[in-house]
Every structure is written in C-alpha cells, then in structure tokens.
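Take a look at the structure set out below.
The values are calculated or read from the model by the stated rules, or taken from the named source; none is laboratory data. No experiment lies behind these values; they were computed from the predicted model shown. Every residue, glycine as well, gets a Cβ built from its backbone with ideal geometry; the counts of neighbours run over all protein chains shown.
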Amino acid sequence: MSIDVRLRLFNAIEGGSTFWSEELVKCGAEELVDRLESGAYDKEKKSALRIKEFLLADHVEKLHSEIDSAGARFLTPDSPEWPPLLNDLLAPPFGLIIKGRALPTKAVAIVGTRNPTTYGARVASEFATGFSDREWAVISGGAYGIDTHAHRGSIAAEGVTCAVLASGVCVNYPSGNEKLFVEIQESGALISEVMPHVRARPERFLTRNRIIAALSLGTIVVEAAFRSGSLRTARDAAEILRIVMAVPGPITSPSSDGCHRLIGERCAEIVTSVSDALELLLPVSSQSTGTLSADDT
C-alpha cells in the first residue's frame, strides 16, 4: 500500500530536505524506496547510506503499531485530513503524525522568544485569546515562553490551538509543558514530523518552523532577539508568500530587537492589535475559504 511506503520513507528520511522531496516528486514513493535500497544514491548523497539502513531494518507493521499505541494517526498528502497549505513548501513533509483532533483550516501562528518579558507574555496571550474569540486557530511550537503563552491564551478562550513539535508526540518536551500538551489535544492537536517516541534534536526546531509557517495564513512574531529561531519561522512564512507580522516593543528591550529588525527591513507588517492583524489576514482568509463568518468582521 502507498501509505506503507510513505511511512517507511517518513521514518527513514529527516524532514526538510529539498533534495529528497524533489526525488519523491520525480520518482514516486515506491521507486524512491527501490532506488534507495539498491544503493543508487550511495555515492551521490551522504545521507543515503543511513536512509538505506533504516529502510532495510524497518518493519512497517511495527511502525503502524507504534503510532496506534500512541493514540495518534499518520497522515499523507492523500489523506482527507492533509492540510493543502503544506503543499506550498519547497520541502513538504513526507507525512505527519497527529495526536488530537482534526487540523484547522483557518489559523494564525504566534511565535517568539523562550524568555519573554511580562509585556511579551501578556501580548502573546491577549492576541491568542482575541483570535480564538473570532474562531481562528492558533499555531505555535509548544516551547516555553511566547509559545506557551499563545497556547494558553487560546485555551483560556476555549479556542483551538495546535503545537508543532520538534520531537515525537509522546515525548513531553519541554517536560514542564506536559499538562499543556494534554490540554492542547482536547481542542486541537500535537503535530510532528517524526515517530512518536523520537526525541528532539536542535536542527529539528528549525525544520519544524517551516510547518508552523505553512499551516498558518499568517505569522505574528511577539518578542524575538536579534538572532532568534522565530525569525526563521518568519522568513519561512515569507518564502511561501504568507503574511508576516511583528509586534513592536520598547526600543530599549533586547527582547524586541528581532521584531524591530523585521519591521525595519520591511520583512514584516507592524501590528499592535488583533484588529490590525485581521485587516491583513481577512483578504487571504476569504480567498482560502471562500467565505467569512460573522465573527471575522
């Protein structure tokens, strides 16, 4: 079955590779597996040997069992639940593991520093609450700081929020957010590009950022240092023509340097309220969904 082949590739190939995504489009899943197992890429790509080892060692029944035992499900681009917005990426995921409810079709990403000021924490929470009140889902990364306040703001408003993780859906990382992850699943979902028990690695935080950006119609950065992973999410969003927004902070605050950089370089629109953001997002939302609810206006 094609879902089995996709699952084997998902387990073997690290997400975010433009090369392997292009090979999948060119060859198709079954031919790509055959080529990898036969060693066709061994001299061309360093990662091919490791991928081949995974493919030759895996048992697809065990992979399905691990996902089922986690209370999760595996989505491919052929799945009815698959978010078509992900197809805008240069390197779409080979699949996704979802734990929780269905993925939203109208969402905004709220991201930022892991060490927010009181101002940043309040803004992230208030923005998330405001979007939830207007029936927009909130996407973030489940990390400490701005991510946590965005998720909690949405939950407090009884909205839908989803966390895109750098680990598997059964790995509570960071551990202090274990309760938050349970709450997220009740209305939204945990989303991952790796198997349920795979632990986070530094590079996966960067590759998962592209998924946060793609699942959302726009990304709002609330407090980010001059060099920050949140800026990577903003640039990932800009690459696929999503709306990028940034909340300004005090000019003396290093926590807002990244936001001011985005605004100064004209990479982001300045927003100071949910209403500001909706003025930018509603035209995109109407094109995406074809309709607007009364709560949008």
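Quick look at the numbers
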quantity	calculated
Any hit, the stretch 21-35, residues being touching a residue at least 60 places away in the same chain (Cβ under 8 Å), within 28 Å of the chain's Cα centre (by Cα), surrounded by fewer than 19 Cβ atoms within 10 Å (Cβ to Cβ) and within 24 Å of A166 (Cβ to Cβ)	yes
Of residues in the stretch 196-234 being surrounded by fewer than 17 Cβ atoms within 10 Å (Cβ to Cβ), modelled with pLDDT under 95 and not hydrophobic (A, V, I, L, M, F, W, C), the one nearest to G168 (Cα to Cα)	R201
Any hit, the stretch 239-258, residues being surrounded by fewer than 23 Cβ atoms within 10 Å (Cβ to Cβ) and within 22 Å of E14 (Cα to Cα)	yes
Filter result (under 16 Å from I67 (Cα atoms) and polar (S, T, N, Q)) within the stretch 173-205	Q185, S192
Residues that are surrounded by 24 or more Cβ atoms within 10 Å (Cβ to Cβ) and assigned to a loop (DSSP other than H, G, I, E, B), drawn from the stretch 146-166	V160, L165, A166
Candidates E135, E183 - the one that is over 14 Å from the mean Cα position of the chain (by Cα), at positive phi and either outside any helix (DSSP H, G or I) or outside the structural domain of W20 (by TED's automatic domain parsing) (or both)	E135
Residue that is more than 22 Å from the chain's Cα centre (by Cα) and within 20 Å of D147 (Cα to Cα), where the choices are P254, P250	P254
From the options E66, E22, residue that is farther than 27 Å from C170 by Cα and not assigned by TED's automatic domain parsing to the domain that holds V198	E22
Hits in the stretch 69-89 - residues which are over 13 Å from G168 (Cβ atoms) and either at pLDDT below 95 or not hydrophobic (A, V, I, L, M, F, W, C) (or both)	R73, T76, P77, D78, S79, P80, E81, P83, P84, N87, D88
